[in-house]
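Reading through the structure tokens given below for one structure.
Values quoted throughout were computed directly from the atomic coordinates according to the rules given, and no laboratory measurement underlies them. Because the structure is predicted, anything quoted here is derived from the model rather than measured. Cβ atoms come from the backbone with ideal geometry, glycine included; neighbour counts cover every protein chain shown.
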Amino acid sequence: MFGGGQFDPSGLTALVLDDNHYERGISLDQLRAMGFGRVIGAANTVEAWQALRGSNPNIVLMEWIEDANDGLDFVRRVRMSEELPNRAVSMFMLTTSGAASDVEAARLAGIDGYLRKPISALALQQRVRTVIANPQPFVVTSAYVGPCRRRRRPDLNYLGPLRRLDDEAPEPLVSGDDEELNLKSELARACVAKLEGRAKSLAAGDAKAARDVYKAVQDLVDVGEQIGDPSLTLGAREMARYLTAQGATDRLDPEVVRTHVAALHQLVHLPHALCEERQRVAESLKRMVDKKLRQADAA
């Protein structure tokens, strides 16, 4: 599936659980475009359960069900099941919400990842490829059943106790780690370059250009989340917050947008080792957005 570094899901099956026919169709089309050999749609948890039993999909994308307990109970049922062919199947929650409480609830239920809609094809492909090529260990304890929730590299500056029995002393980064970090940085820079190109043509009152910029920002948020860059994610989300508040109207100031993009350009070119400086750049963008929105409210 990964010969020559290419992601080939032609031998894989994907299941999409979404009660909205239109949204379900979009997700299915994206998976087909990625090359999945088989894609299955389910309008409810009953259909999804039947598909899990009969088709044994490799990955499940499920919409955040309006009745959250129903959706999370379904995830827990999958993880606890003794009758499914693969209770460790990779499961992603799709949602238009990004509330921290929802993310945590999904994580505790046993979800592998949380994807915010609208989802770019690039973001979806990167997340699917990662989870299939490098699945998390499946954990079974008295309090939790699901993918291992420890995903971050140990903090080399952490001097406290190592609490897990399998913890080992952290080792210096090796060349493979450096290569991975470089690839992540290149992906982030390419996304910011795309955003810069969109922002250059932005003019007050140009609704189409404003929407193009907003789409590029959403892609950048997705990339920030994919590569585990909290500073980039925060900076991009703050820009999305400004764009959302102002809308595709004359209130949207192109110079504010371009200033924000310039700061994001600076951020993605700062080495990851300068984590405090990168975080300061991101937080300065939050303060700028707060200020601009206060001024807009007062006007």
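Key figures for this structure:
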| item | result |
| --- | --- |
| Under 11 Å from the residue 248 label point (7 Å along Cα→beta-carbon), backbone N, region 185-214 | 206-214 |
| Coordinate range along principal axes, alpha carbons of region 3-147, Å, largest first | 41, 30, 29 |
| Antiparallel DSSP beta bridges within region 3-147, percent to nearest 5 | 15 |
| Residue pairs, from the table 117/208; 208/291; 117/291; 194/215; 184/291; 208/286, whose Cα atoms sit over 22 Å apart | 208/291; 117/291; 184/291; 208/286 |
| Proxy reagent accessibility, fewest Cβ within 10 Å first, across 215, 292 | 215, 292 |
| Protection proxy ranking of 254-266, 218-230, 194-206 - average other beta-carbon atoms within 10 Å, highest first | 218-230, 254-266, 194-206 |
| Relative packing of peptides 85-96, 123-134 - highest average C-beta neighbours within 10 Å first | 85-96, 123-134 |
| Mean projected area in nm² (Cα convex hull; one quarter of hull surface) for region 177-298 | 6.6 |
